[in-house]
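> The structure follows.
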Protein chains: 2
Amino acid sequence: MKVIKTIQGLRRELQALWQKGERIGFVPTMGYFHQGHVSLMARSVRENDITVVSLFVNPVQFGPTEDLSRYPRDLRRDCAMAKAAGVAVIFIPSVKEMYPQELSTWVSVNALSEGLCGASRPGHFKGVATVVAKLLNIVQPDTMYLGAKDAQQAMVIKKMVCDLNFPARVVVCPTVRERDGLAMSSRNMYLKPDERIAAKALSGALFAAKKDILSGERNALKIISKIKKLILEETGASIEYVSCVSATDLKPVRRIKADVLIALAVRFPSARLIDNQLVILR
Amino acid sequence: MKVIKTIQGLRRELQALWQKGERIGFVPTMGYFHQGHVSLMARSVRENDITVVSLFVNPVQFGPTEDLSRYPRDLRRDCAMAKAAGVAVIFIPSVKEMYPQELSTWVSVNALSEGLCGASRPGHFKGVATVVAKLLNIVQPDTMYLGAKDAQQAMVIKKMVCDLNFPARVVVCPTVRERDGLAMSSRNMYLKPDERIAAKALSGALFAAKKDILSGERNALKIISKIKKLILEETGASIEYVSCVSATDLKPVRRIKADVLIALAVRFPSARLIDNQLVILR
């Protein structure tokens, strides 16, 4: 596996592959890999001639009070995991490499970016869309792999790729979970032991909600209150949001008539966690 | 020359060229060609294996009171001119093809977009940057050719290409002028005969200002007043702006210490015209 730190170096490496028409799979990440990342890499390796992973903790998607400076990093372990997954190239640019001067070009995806996490993280999805646009132009992949845990992020990026005609396919892969159901996240490492145990309530409440909907419950407010109640009972966390939104436009739903995403963000004293369940009506 | 109307059709046409590593030159236009467009096409034809021209009157870069509905069109003449210039493919998508649904993704280039034409045409450069991002992703050219008459547009697009790492070079080609100095523009056809005659005052005033600066004048306000006076004396037009700005960041300059762009927009009763001169200090 090649470790490449510059845009020019990466382009030089990929030049021959673009021209040979090799299928390039791409997994954009912020590093500190877990099995969720590995599942994206493995799928890309299976489906492409070569897989490129980017590892870049993108400052412009963090708010001023967020965890940019303490975001966990372990390059050596990350490289070993990517290599074991069959990744051919890992691209690890510096902030200076990605943003050599003050950035004045921004990509924004309206509407989809506004609710859910967008409401409490203003500018977050603009930072995400912008860095992903840059990475797509740098890597020029055939297919990009994203995790379903960040459901809103995946939808924002899919919309950007479609609206701006990026010549890439976007594949969203299932959330990988710990044994007790907790969605894998690099931020789980922030959790204190008691928080970690309590955190299983998030997925537990979502699974129960999904079951309720599939059993016929159509009142979104009832679903939401039940989730909130379960989480408040089982954790000391504060709830940022629990929402039941249309799976197509992320707009809040009162009466469930079509596929919905139930999504939540919860603040533990040590970490903010998100999770979601897509409910496809049968 | 092939006339292609769909994105998929164009991609199918270009696929083999991308893979063979042929150099693709690209000239984005709104049609109604004049010798300025032809000079861009000719340069692209000289420097590349194949030249693609897009012809799309982009609605999202027009303000609600602007000339979108009456923007001049003559497809047959345009195709003949492009063919004669050696263009291989002309891409003429419909509005529905470029914007199949309401666009929610926008590319904005701050700072550079704000002054000059950006001040009186809010949203204009956002519309331009967004459609050019789409076209770059559709055509995937090696080099894109733009005209210097739209100096601010060229700078906004260059900045976008750089900031978002589009894998394309941008070449800005000199303004082509009528015999009396009027910068060629599709909008010149709006001018009544007397306006057309008076319109030569714009370039005349700009040439004189350039000469003054190169002869040692360093007071931008003096330069600006002299241009305004000349134009007001010789035309019945109202001046939207006459500005002397830094050639690198388009910020207004009072004392000329480095390269500047002198740019203006003037509203005749029948048409809004722009022109500029770049002054490189020796």
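The values are calculated or read from the model by the stated rules, or taken from the named source; none is laboratory data. Note that the coordinates shown come from a computational prediction; the quantities given were computed from them, not determined experimentally. Glycine also receives a Cβ, built like all others from the backbone with ideal geometry; neighbour counts cover every protein chain displayed. Just the protein is used for accessible areas: all its heavy atoms, side chains included, with ligands, DNA and RNA removed. Shrake-Rupley method; radii C 1.70, N 1.55, O 1.52, S 1.80 Å.
> Based on this model, can you work out whether residue A:56 counts as modelled with pLDDT of 95 or more and under 22 Å from residue A:156 (Cβ atoms)? Explain how you work it out, then say what you get.
Working: modelled with pLDDT of 95 or more: yes; under 22 Å from residue A:156 (Cβ atoms): yes.
Here the answer is yes, as residue A:56 does meet what is asked.
> Then there is this: Tell me whether region A:181-196 contains one or more residues that are within 14 Å of chain B (Cβ to nearest Cβ), among the aliphatic types (A, V, I, L, M) and in contact with a Pro (Cβ under 7 Å, 6 or more places away or on another chain).
In the first step, residues of region A:181-196 are kept if they are within 14 Å of chain B (Cβ to nearest Cβ); the result is none.
For region A:181-196, residues within 14 Å of chain B (Cβ to nearest Cβ), among the aliphatic types (A, V, I, L, M) and in contact with a Pro (Cβ under 7 Å, 6 or more places away or on another chain): absent.
> From B:131, B:109, B:139, which residue is crowded, with 22+ Cβ neighbours inside 10 Å, within 14 Å of another protein chain (Cβ to nearest Cβ), farther than 22 Å from residue B:14 by Cβ and not charged (D, E, K, R)?
It is B:109.
> Given (1) surrounded by 23 or more Cβ atoms within 10 Å (Cβ to Cβ); (2) more than 14 Å from chain A (Cβ to nearest Cβ), identify the lone condition not met by residue B:65.
Condition not satisfied by residue B:65: (1).
> Tell me the helices (runs of 4 or more DSSP H) entirely within region B:160-279 that contain at least 3 residues that are open to solvent by 40 Å² or more (accessible area, probe 1.4 Å) and touching a residue at least 60 places away in the same chain (Cβ under 8 Å).
Working: elements: B:193-198, B:200-214, B:220-234.
Qualifying helices (runs of 4 or more DSSP H): B:200-214.
> Inspect all residues belonging to region A:67-75 and state whether any of them is under 24 Å from residue B:127 (Cα atoms) and either under 16 Å from the mean Cα position of the chain (by Cα) or without any contact (Cβ under 8 Å) to a residue 60 or more places away in the chain (or both).
In the first step, residues of region A:67-75 are kept if they are under 24 Å from residue B:127 (Cα atoms); the result is none.
Looking for residues that are under 24 Å from residue B:127 (Cα atoms) and either under 16 Å from the mean Cα position of the chain (by Cα) or without any contact (Cβ under 8 Å) to a residue 60 or more places away in the chain (or both), one finds none in region A:67-75, hence no.
> So residue B:82 ticks every box in (1) within 13 Å of another protein chain (Cβ to nearest Cβ); (2) crowded, with 20+ Cβ neighbours inside 10 Å; (3) more than 17 Å from the chain's Cα centre (by Cα) but one. Which box is left unticked?
Status for residue B:82: all satisfied but (1).
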